[in-house]
Amino acid sequence: MLHGSSLKEGKKKVKKSRKVIIDTDPGIDDAIAIAAALFDERLDIKLFTTVAGNVSVDKVTKNLLKLLAFWDKEVPVAIGSDRPLLREAINASDIHGSTGMDGYEFPESKYELLTKNHAVIEMYKVLMESKEKTTIVGIGPLTNIALLLRMYPECVERVEELIIMGGSLARGNYGVLSEFNIAADPEAAKIVFESKMPLTVVGLDVGEKALVLPEERATLQKMNKTGDMIDHLFSAYRGGSLDTGLKMYDGCAIAYLLDPEMFEVRESYVTVETQGLLTAGATLFDLDGYLGKEINCRVCVDIDEKQFRRWFLEAIRKCD
Ligand code: BDR
Ligand code: CA
């Protein structure tokens, strides 16, 4: 496929019971994305995998198991990579708190949901054993998915779509030009971008427009126990501000999975800078084809902000 521009993605029909793996590092905005996904009947979540990102892999796994206990949901959880492929781990505890999910007293983690095998093995099993292709949603650093591609390259054929929250068409939130999930493991992102997996990217610039505003917080508080829990997490979350709006980066990946018509999408070649002294982790979306490379992703370039806010409230209303 050569460089071009097609916006057909926005009209895509969502299949019933789409098989999904969610690779995550909860993370306050991850927790909200997980709520929206778990309570949507169009999704059949086969597996959660965890990855070091917002905080250590032990902490994010514990957080995920707490969320599943809170909702009393039974989805297997596989522990993944505890560090990036080549670099020292970074974290975002300044945004999500030292536990990675500060702000709420959760019930004890559901440790019985842990699988015996590493996340990469469990992903492989789900992909290969399912009759239909599976969609992977990556809302943390891409380390597990890169390892999957290196260990089991045949998996590419079994992936319906990989939707990631990561990268930026504009500036960064970790470095001047780098978004956190990509900055955490640029080499993994490069492997994933070059894999030929059908890839859709929801980047930082779009996530910055996916806000929960103060007046919507008030509605959430009274909605249900999930709304109340989210409201508590928001008091601790530093992704945006309580006055101007809290940014639902990872929620955007689930919004795209379920209701892509709220996004404007373009096709592009994307790569990641791994060598730059000052720019490692920067994503280059070559929307105008300067590099003469084949298209390897769809990238969300805009979002209907009002529609997202409605979607978000409806998604949480469906939760317990
Ligand atoms: C991404 O970084 C993390 O802190 C969030 O959970 C999100 O996945 C935003 O840059
Ligand atoms: Ca995340």
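The values are calculated or read from the model by the stated rules, or taken from the named source; none is laboratory data. Treat the numbers as computed from the prediction; the structure is a model and nothing was measured. Neighbour counts are summed over all protein chains in view; Cβ atoms, including those assigned to glycine, are modelled from backbone coordinates with ideal geometry. Keep in mind that these areas ignore ligands, DNA and RNA; they rest on the heavy atoms of the full protein, side chains included. Shrake-Rupley method; radii C 1.70, N 1.55, O 1.52, S 1.80 Å.
Find the residue count for the range 63-75, including only residues that are within 24 Å of residue 184 (Cβ to Cβ) and either over 18 Å from the mean Cα position of the chain (by Cα) or at pLDDT below 95 (or both).
1
Among (1) away from ligand 2 (no atom under 16 Å from the Cβ); (2) more than 18 Å from the chain's Cα centre (by Cα); (3) not aromatic (Phe, Trp, Tyr), which single condition is residue 47 missing?
Only one criterion is unmet by residue 47, namely (2).
Sort through 126, 75 and tell me the only one that's touching a residue at least 12 places away in the same chain (Cβ under 8 Å), part of a helix (DSSP H, G or I) and among the hydrophobic types (A, V, I, L, M, F, W, C).
126
What number of residues within the range 233-257 satisfy the criterion of being surrounded by fewer than 17 Cβ atoms within 10 Å (Cβ to Cβ) and either over 21 Å from residue 105 (Cα atoms) or more than 16 Å from ligand 2 (Cβ to nearest atom) (or both)?
From the range 233-257, those surrounded by fewer than 17 Cβ atoms within 10 Å (Cβ to Cβ) are 235-236, 238, 241-244; that's our starting set.
So of that shortlist, the ones also either over 21 Å from residue 105 (Cα atoms) or more than 16 Å from ligand 2 (Cβ to nearest atom) (or both) come out as 235, 241-244.
Number satisfying all stated conditions: 5.
Among the residues that make up the range 9-21, is at least one of them outside any strand (DSSP E or B), open to solvent by less than 10 Å² (accessible area, probe 1.4 Å) and either over 26 Å from residue 297 (Cβ atoms) or modelled with pLDDT of 95 or more (or both)?
no
Among the candidates 212, 206, which residue alone is modelled with pLDDT of 95 or more, within 17 Å of the chain's Cα centre (by Cα), buried (at least 24 other Cβ atoms within 10 Å of the Cβ) and within 21 Å of residue 37 (Cβ to Cβ)? Reasoning before the result, please.
Values: 212 fails: within 17 Å of the chain's Cα centre (by Cα).
Checking each option against the conditions leaves just 206.
Can you name every residue in the range 93-127 that is among the polar types (S, T, N, Q) and open to solvent by 30 Å² or more (accessible area, probe 1.4 Å)?
Going residue by residue through the range 93-127, those that are among the polar types (S, T, N, Q) are 93, 98-99, 109, 115, 117.
Within the range 93-127, 93, 98, 99, 115, 117 meet the criteria.
Looking at the range 133-172 only, could you name the residues that are in contact with an Asp or Glu (Cβ under 6 Å, 6 or more places away or on another chain) and open to solvent by 10 Å² or more (accessible area, probe 1.4 Å)?
133, 169, 170, 172
Quick check, is residue 237 within 21 Å of the chain's Cα centre (by Cα), of a type in the set (Phe, Trp, Tyr) and under 23 Å from residue 136 (Cβ atoms)?
No; evaluated as a whole, the condition is false for this residue.
Would you pick out the residues in the range 33-70 that are part of a helix (DSSP H, G or I), touching an Asp or Glu at 6+ places or on another chain (Cβ under 7 Å) and within 16 Å of ligand 1 (Cβ to nearest atom)?
Correct list: 33, 57, 60.
Scan the range 187-199 for residues that are within 16 Å of ligand 2 (Cβ to nearest atom) and closer than 12 Å to residue 282 by Cβ and report the count. Spell out how you get there, then give the answer.
Quick first cut of the range 187-199, residues within 16 Å of ligand 2 (Cβ to nearest atom) only: 188-189, 192.
If we keep only those that are closer than 12 Å to residue 282 by Cβ as well, we get 189.
Here the count works out to 1.
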